[in-house]
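One structure below.
The values are calculated or read from the model by the stated rules, or taken from the named source; none is laboratory data. Bear in mind that the values here come from a model prediction, so they are computed numbers and not experimental data. For neighbour counting, all protein chains shown are included, and Cβ atoms are generated from backbone atoms with ideal geometry for every residue, glycine included.
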């Protein structure tokens, strides 16, 4: 015992002499504030002076410090110093649905300089100055907070005042934050839902991701319009959600998917003088006409959903396909004139016709043959593809593999969905909407109406990959009451997956009677459906469509004798938070799980601008005619004024994200 007392006494003596000099220095912690990386967010850590987060959202604090965050005079809240702080900690909550959390998300994302949280949130010095005298009650209910925030945005400046604050925006900011938690924090959010449908109680758990992509995957703008360049400084957004196919699981246990682009960045154009010299022809704007339709690999794992590779689709090792329109007079021409910046056709520009044009819309993995199958809207075509090289090994068209009648597909409404039923080794695909073939008597109005608007079904075909030929054909029923203006032509089927034993799941969507787009998953059964490829239904003609409209047989083809595919609502996607208009990618991950993706249209849409550079919100560019110089001819249609201009611009905030959702059902998909 005595031996131990001396060292203890010495230690105590030393501790009493200059103890402050012997305390170890505190090590600063570099933390990051995340709702996406938030740049220029003010903070005070402990007793330190006010500072601002850097471009990575980083701040500095010491263990035990309380870190308080603010934007101008708006106090967002505080949290204990940590490597990562999010609005969850500031709201003292663990629930992303908590109104206190969503209110904070709303404020941060709507005060972002470019209103694009996908590339981070930047708070400008001007905004902080403008809001120096403002405050916010983040505990307020949604309606009260929305109103208060709208006033705050007006104070922040004109560009902020124009941003919407409503329930849809609240869902959008939360969706972005959920992806941040999954991709940056490693804590994906799983949300449970139960719906009652004609199939009974349907329970699912949804995990929401937004696909991340390096800037190398952005698509360069090839025009010269400075305003387009300003809207898309990095190029057009990647868009690999036109279809989705489960590839498998990688060595790390992460999910891998094939994602598919369509024809590339494009937007509706006005009506141009026809090349024939008589009348007009619709146009499509191709701001990146060199784009090549491609498929990519998207990995879903600890870093969220990430686009990791892209393979262009090629005709041969030296010839690539194109996304621009197929030449007039050629199978697959869509009756559109390609243009770039000027609203006039220029055969010497990059935006001209290409015989190798493809508008790819569905991708299917064929493990048996080590192939990919892709469907297209131009031809429509089905394409057989080498997944290793992207080279086309076979191409099937109406009259040469596909049903002759498919040549009458509506422009831009070709073969949207395709799937392989491994139980029968047959591909199944459909036209997105009713075909087009002039007019027919419609019993509802007693008038002659367009078939593409009022036919009561769209066509579904089997295709044998062994013979390269179509087989049976079926009618997918469309009810006029489900669609705006009673027009079944407003239906746009998205994608399809095969469950086996004659069952499929289809995305059905389109403008409802209210005008708002709906998105639903339908269980489709083929067992009792009539084969409308039979001679009795005149399968090379639209007689059956005409009969469905007239309520009487047409040239012997009688709609009343047809049993359509049986469809039953499986899941209302909007009721589980789906916001995008174009749900176009659907694939089976396992026996209980689907993956769903959207086509974000490369983040663009066509807009009409007045002489002051303001978008004419109610304008429909397809109702405008232009003269030989590309100048709008003034008419009574909204926005169609010679003083106005047409160009591609940023799409809506709700449509720009590239989504990939996992939807896990509590019971096997085959049990429905």
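Brief remarks on what is shown
- Residues that are over 39 Å from the mean Cα position of the chain (by Cα) and part of a loop (DSSP other than H, G, I, E, B), drawn from the range 530-557: 552, 553, 555, 556
- Between 306, 319, 364, the distinction of being buried (at least 23 other Cβ atoms within 10 Å of the Cβ) and assigned by TED's automatic domain parsing to the domain that holds residue 378 belongs to 364 only.
- Within the range 557-586, the set of residues being buried (at least 19 other Cβ atoms within 10 Å of the Cβ), touching a helix residue (DSSP H, G or I) at 6+ places or on another chain (Cβ under 8 Å) and farther than 28 Å from residue 261 by Cβ comprises 557, 559, 562.
- Residue match in the range 220-240 (condition: crowded, with 19+ Cβ neighbours inside 10 Å and either over 25 Å from residue 341 (Cβ atoms) or at pLDDT below 95 (or both)): yes
- Matching residues in the range 440-457 - criterion: being farther than 22 Å from residue 413 by Cβ, touching a strand residue (DSSP E or B) at 6+ places or on another chain (Cβ under 9 Å) and touching a residue at least 12 places away in the same chain (Cβ under 8 Å): 441
- Meets criteria (more than 27 Å from the chain's Cα centre (by Cα), surrounded by fewer than 22 Cβ atoms within 10 Å (Cβ to Cβ) and assigned to a strand (DSSP E or B)) for residue 331: no
- Any chance residue 604 is within 30 Å of residue 472 (Cβ to Cβ) and surrounded by 21 or more Cβ atoms within 10 Å (Cβ to Cβ): no
- Top-ranked residue in the range 93-122 [being in contact with a strand residue (DSSP E or B) (Cβ under 8 Å, 6 or more places away or on another chain) and free of Cβ contacts under 8 Å to residues at least 24 places away in the same chain; ranked as surrounded by the fewest Cβ atoms within 10 Å (Cβ to Cβ)]: 114
- If you filter the range 246-283 down to residues that are touching a helix residue (DSSP H, G or I) at 6+ places or on another chain (Cβ under 7 Å) and surrounded by fewer than 22 Cβ atoms within 10 Å (Cβ to Cβ), you find that the one that is nearest to residue 583 (Cα to Cα) is 268.
- Some residue of the range 472-482 being surrounded by fewer than 23 Cβ atoms within 10 Å (Cβ to Cβ), modelled with pLDDT of 95 or more and under 25 Å from the mean Cα position of the chain (by Cα): yes
- The range 191-217 - residue that is surrounded by fewer than 12 Cβ atoms within 10 Å (Cβ to Cβ) and closer than 21 Å to residue 589 by Cβ and, of those, nearest to the chain's Cα centre (by Cα): 192
- The range 283-316: number of residues that are outside any strand (DSSP E or B) and over 30 Å from residue 327 (Cα atoms): 2
- Meets criteria (modelled with pLDDT of 95 or more, in contact with a strand residue (DSSP E or B) (Cβ under 7 Å, 6 or more places away or on another chain) and closer than 22 Å to residue 180 by Cα) for residue 633: no
- Among the numbered conditions (1) more than 25 Å from residue 407 (Cβ to Cβ); (2) not in a strand (DSSP E or B), the only one that residue 570 does not meet is (2).
- For residue 617, the criteria (1) touching a residue at least 40 places away in the same chain (Cβ under 8 Å); (2) surrounded by fewer than 22 Cβ atoms within 10 Å (Cβ to Cβ); (3) within 23 Å of the chain's Cα centre (by Cα); (4) part of a loop (DSSP other than H, G, I, E, B) hold in every case but one, which is (1).
- Criterion (within 30 Å of residue 449 (Cβ to Cβ), surrounded by fewer than 23 Cβ atoms within 10 Å (Cβ to Cβ) and either touching a strand residue (DSSP E or B) at 6+ places or on another chain (Cβ under 7 Å) or touching a residue at least 24 places away in the same chain (Cβ under 8 Å) (or both)) met by exactly one of 554, 589: 554
- Residues that are in contact with a helix residue (DSSP H, G or I) (Cβ under 6 Å, 6 or more places away or on another chain) and touching a residue at least 40 places away in the same chain (Cβ under 8 Å), drawn from the range 150-183: 153, 156, 160, 163, 165, 170, 173, 174, 176, 177
- Candidate set: the range 505-527, residues that are touching a strand residue (DSSP E or B) at 6+ places or on another chain (Cβ under 7 Å) and assigned to a loop (DSSP other than H, G, I, E, B); chosen: the one nearest to residue 598 (Cα to Cα): 512
- Residue in the range 616-626 that is over 21 Å from residue 504 (Cα atoms) and out of contact with any strand residue (DSSP E or B) (no Cβ under 9 Å at 6 or more places or on another chain) present: yes
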